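The values are calculated or read from the model by the stated rules, or taken from the named source; none is laboratory data. Predicted, not measured: the structure shown is a model, and the values here were computed from it. Here Cβ is always computed from backbone atoms with ideal geometry, including for glycine, and neighbour counts include all displayed protein chains. What goes into the accessible areas is simple: the full protein's heavy atoms, side chains included, and nothing from ligands, DNA or RNA. Shrake-Rupley method; radii C 1.70, N 1.55, O 1.52, S 1.80 Å.
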Amino acid sequence: MAESMAGLKRSHRCAEVSEANIGQDVTVMGWVQKSRNKGGIIFVDLRDRSGILQIIFEESDCGAESFEKAEKLRSEFVIAVCGRVETRSGAANPNLKTGTIEVRAKSLRILAESETPPFPIEENSKTKEELRLKYRYLDLRRPDIQRNIMTRSQVAILVRKFLAEEGFLEIETPTLIKSTPEGARDYLVPSRVHPGSFYALPQSPQLFKQLLMCSGYDRYFQLARCYRDEDLRADRQPEFTQIDMELSFVDVDDVLDVNERLLKELFGQICGVELSLPLPRITWKEAMDRFGSDKPDMRFGMELTDVSQAVADCDFVVFKSALENGGTVRGLKAEGQAGMPRKKIDALVEFAKGYGAKGLAYLAIHQDGTYKSSFAKFMTEEQLTRLVEAMDGKPGDLLLFAADKTPVVWNVLGALRLELAKQLNLIPENTWKFVWVTEFPLLEYSEEENRYVAMHHPFTMPMEEDLPLLDTDPGAVRAKAYDIVLNGTELGGGSVRIHQADIQEKMFRVLGFSQEQAHEQFGFLLEAFKYGVPPHAGLAYGLDRVVMWMVGADSIRDVIAFPKVKDASCLMSEAPSTVDPRQLEELGIAIVAENAEENTAENTAENTAE
């Protein structure tokens, strides 16, 4: 029978009790982690979000009634204990913050009983994630998950404090907005009072934060809830939180400066990592050429080498045809791996094919200077020597080559570089390598849509010196865009925005928008831009992703209180779910079964044939 806590007031959380409290009476409350009855004395580990505290029950101290209740205690019972703090009678537990003390109980109340949980509430649980997420409210009791969630809270508090001191205003933007088809899929919300019309849930507060700059608010930030209807990965969720900001009267250096200082504060306070400022910067082109990725992991070397010139006159058809078709030949050097078994090399070839390669050429340099290669017979000794020199190859090294269109080669070797680093244990632990990647391409060509699309969004400012290229060579235009990357993961990104009407109109034309289409989608922003727009720029971090790195979690789900799984469903609440037909009727929505549509189509086809 659950008891009331009337007349009781908690004096300390469990791990807040310390040696300084020895001899004092305390009242603690929490969940029973473990109970051990040693005959005449009962030891209980009491747990709350702060940690674990050992409680001792003896009938001579707590009385017969409380001792009887203590005998009934099981895991996850919720209890309140009044008692005196003492030095631990047994051996100290160095693994506990409270390992040198215990509380000798004077009274006990059972505030709530518990059934046997479906899995143990313990750190580093081996229970399958599906079961843990079904009972997420129990999973959230685990100390490691609680630490993650508390760290997330600390990060949010530090962000607010830092940005407020930098003159930013926290302003909320709407979450029921107009759908804009550019970018990822929107989650749509039907409107009851406007039948047939829909709101969208925001993928970001982009347009509204730009409007706030138009409105003179100068520096804005928000911990913004955002939504994207896209396929999920370990570091993605359909709903997520952005640390979102926008600044007026600034350029790239101003945005990077304030954000470097924010990162220094966050990682210093949370992780004890002292960042040396300014953080390194590399251009997008340099990142792709050196690492095959715009999210370069700079904790280890093994950079890509362009050997196109070195093999320009060879007869190896793979290299030759790639170069004749305007492509490139590039290589990776795996130091000391010349003896890698053929089976492992074949596995790397298959890995490369998964990233778009037609194959992977290799050359092993033996200790005696001779070569073992998949293509040596198609090249002269002089050509091979020139290739090895271009790769700075030494006896004992394994050289791997990809030849194709440049983006394919970047993609293949960038992925292969990371795979080899994992296999060869080249990635040092407890290392934090931040880098700004700047000057992204403004546009990328979509074969599917047969037009240029914005790499970031249509409001990104081109580099001033590239503005003439918008008319002649749009694909060569660089953007005033920047991403902050940590250990191969993009933590956030942003750009300087277009604030001149003529450049914005030209940008829309390049993207294939007619004037009518541009005004239909973004009319309210374009209208606002007629009334004096300051130069402005912004940046947004994925809060979940930042915290995931800080706590060393393998999945973003470990830092979100109630996450979704890969199909965007919640195993605990069983969302999404069907709704009452009356709700659909009010919204003017009808659900048509897929097979019914197919049957209708088949019947129509049959009737037409007859």
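Within the range 295-305, the set of residues being under 22 Å from the mean Cα position of the chain (by Cα), open to solvent by less than 40 Å² (accessible area, probe 1.4 Å) and of a type outside the set (Phe, Trp, Tyr) comprises 296, 297.
Once the range 126-141 is narrowed to residues that are surrounded by 14 or more Cβ atoms within 10 Å (Cβ to Cβ) and within 22 Å of the chain's Cα centre (by Cα), the residue that is modelled with the lowest pLDDT is 129.
Quick one: would you say residue 189 is in contact with a Leu (Cβ under 9 Å, 6 or more places away or on another chain) and without any contact (Cβ under 8 Å) to a residue 40 or more places away in the chain? So that I can check it myself, show each step before the final result.
On the way: in contact with a Leu (Cβ under 9 Å, 6 or more places away or on another chain): yes; without any contact (Cβ under 8 Å) to a residue 40 or more places away in the chain: yes.
Here the answer is yes, as residue 189 does meet what is asked.
So that you can scan it fast, the table gives a plain yes or no per residue for (1) modelled with pLDDT of 95 or more; (2) basic (Lys, Arg); (3) under 20 Å from residue 140 (Cβ atoms); (4) open to solvent by less than 100 Å² (accessible area, probe 1.4 Å):
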site: 559; (1), (2), (3), (4): yes, no, yes, yes
site: 562; (1), (2), (3), (4): yes, no, yes, no
site: 578; (1), (2), (3), (4): no, no, no, no
site: 585; (1), (2), (3), (4): no, no, no, no
site: 605; (1), (2), (3), (4): no, no, no, yes
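When 54, 146 are checked against the criterion of being of a type in the set (S, T, N, Q), touching a residue at least 24 places away in the same chain (Cβ under 8 Å) and part of a helix (DSSP H, G or I), 146 stands alone in meeting it.
If the condition is being within 30 Å of residue 60 (Cβ to Cβ) and β-branched (Val, Ile, Thr), then the range 104-137 contributes only 110.
Rundown of residues vs (1) among the hydroxyl-bearing types (Ser, Thr, Tyr); (2) out of contact with any Lys or Arg (no Cβ under 6 Å at 6 or more places or on another chain); (3) surrounded by 14 or more Cβ atoms within 10 Å (Cβ to Cβ), yes/no style:
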site: 271; (1), (2), (3): no, yes, yes
site: 283; (1), (2), (3): yes, yes, yes
site: 290; (1), (2), (3): no, yes, yes
site: 314; (1), (2), (3): no, yes, yes
site: 317; (1), (2), (3): no, yes, no
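Restricting the search to strands (runs of 3 or more DSSP E) fully inside the range 160-257 and requiring at least 2 residues that are open to solvent by less than 30 Å² (accessible area, probe 1.4 Å) and touching a strand residue (DSSP E or B) at 6+ places or on another chain (Cβ under 7 Å) gives 219-227, 239-248.
Condition check ((1) closer than 25 Å to residue 553 by Cβ; (2) open to solvent by less than 40 Å² (accessible area, probe 1.4 Å)) across all residues:
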position: 34; (1), (2): no, no
position: 51; (1), (2): yes, yes
position: 55; (1), (2): no, yes
position: 65; (1), (2): no, no
position: 77; (1), (2): no, yes
position: 84; (1), (2): no, no
position: 107; (1), (2): no, no
position: 123; (1), (2): yes, no
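Among the residues making up the range 75-104, a single one is in contact with a helix residue (DSSP H, G or I) (Cβ under 6 Å, 6 or more places away or on another chain) and free of Cβ contacts under 8 Å to residues at least 60 places away in the same chain: 104.
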